[in-house]
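Only one structure is covered here, and it is reproduced in the block below.
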Amino acid sequence: MNREKMMPIFIKNLLFDTWNFFINQILNIVLFSITSAIISGLIGYAFLPTLEEMSSLTNIISNFNESISNMQYLFKNLSNDQKYILFKLSVSSHLSSLIGNAFLFSNIVLMIYNICNKKYSTFYQLILNAFPFFPKFLTLIFLVSFLVQFGIAFMIVPGIFLLIIFSFSPILISNKKIGIIYAMRTSMHHALLHTRLIAPIIILWLFLKLIILITVSQIFIYSHLISIKIFFYLINNIVTSYAIIYIYRLFTLSENKKNFT
């Protein structure tokens with residue numbers, strides 16, 4: 001019997017395996033992270049309000065506390081132009097994140113799949129091979145992001161829980177060539193069996209993303225230097241890539257123990 005099927009799965013082993021794979025593939029990971037960061041940066045910059053618009057909006061927001069009631073009152077008292085600025089800012093943030101993450105996830109997952117199956121491809125070949133999966137990953141990330149943000153809007157824990165149970169979805173789409181909804185349902189069933197192994201990396205990933213998000217938000221308000229924003233997108237993508245590798249390794253080990261449907 002295969003040794004991996006007999007051994008229990010430990011977090012420290014997953015972290016060690018993930019780190020080894022991460023270091024061995026650091027060049028491709030950095031290249032994908034840079035490309036994704038540039039895509040996010042350019043899309044974000046294209047929809048970003050002008051510096052004058054941001055300044056006028058910042059001056060108004062600074063006079064209010066950050067409670068929900070005050071923010072609701074603030075929004076009701078904004079002019080149509082100021083509401084449009086907020087809309088542009090929201091589109092800039094969500095669209096750049098959505099497309100950049102879809103590119104990153106599709107390429108990193110496919111890269112891991114090829115290496116695990118001893119199919120070695122160049123950086124450009126991986127991009128071309130991942131392109132057919134891009135629409136599915138784009139739709140999946142949109143759906144999961146919407147559900148997670150909806151859960152976080154009520155309480156933080158439900159949002160994190162949804163992120164955990166859907167964590168296998170990108171891998172299932174790539175490996176099993178199944179539909180988005182079926183991948184989410186299958187991920188939900190099997191991720192529940194490994195919550196104790198998935199939760200720590202998801203929570204750590206979210207914590208690091210929060211730090212990066214706070215920093216980037218300040219840059220969005222006070223600076224239009226796209227190079228600085230791309231740098232922080234790059235850091236976020238590298239952190240995300242590590243989390244993807246960890247989840248993929250857990251998927252591989254759990255599949256060895258029990259076949260996925």
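The values are calculated or read from the model by the stated rules, or taken from the named source; none is laboratory data. Being a predicted model, the structure only gives us computed values, none of them experimental. All Cβ positions, even for glycine, are placed from backbone atoms using ideal geometry, and neighbour counts span all protein chains on display. For accessibility, only protein heavy atoms count, side chains too; no ligands or nucleic acids. Shrake-Rupley method; radii C 1.70, N 1.55, O 1.52, S 1.80 Å.
Evaluating 6.51 cos²θ - 1.76 cosθ + 1.60 at θ = phi - 60° for every residue in the range 205-210, the Karplus couplings come out as 4, 5, 5, 5, 5, 5 Hz, glycine and proline recorded as x. Within the assembled protein chains, the solvent-accessible surface assigned to residue 19 is about 130 Å², based on a 1.4 Å probe. Straightening the chain between residue 196 and residue 13 buys 64.5 nm, computed as 0.36 nm per residue apart minus the Cα-Cα spacing. Distance cut-off 28 Å, Cα to Cα: go down the list 136/209; 88/229; 12/229; 88/209; 88/177 and report the pairs above it. Over 28 Å Cα-Cα: 12/229; 88/177.
Scaled against the 2.2 N^0.38 Å expected of a compact globular protein of N residues, the Cα radius of gyration of the range 81-163 reads 1.39.
Taking the Cβ of residue 178 as the center, what net charge do the other residues with Cβ under 11 Å away carry, scoring Lys and Arg +1 and Asp and Glu -1?
Every neighbour counted, the sum reads +4.
Heavy-atom accessible area, probed at 1.4 angstrom with all protein chains present, ranks 196, 249 as 196, 249, highest first.
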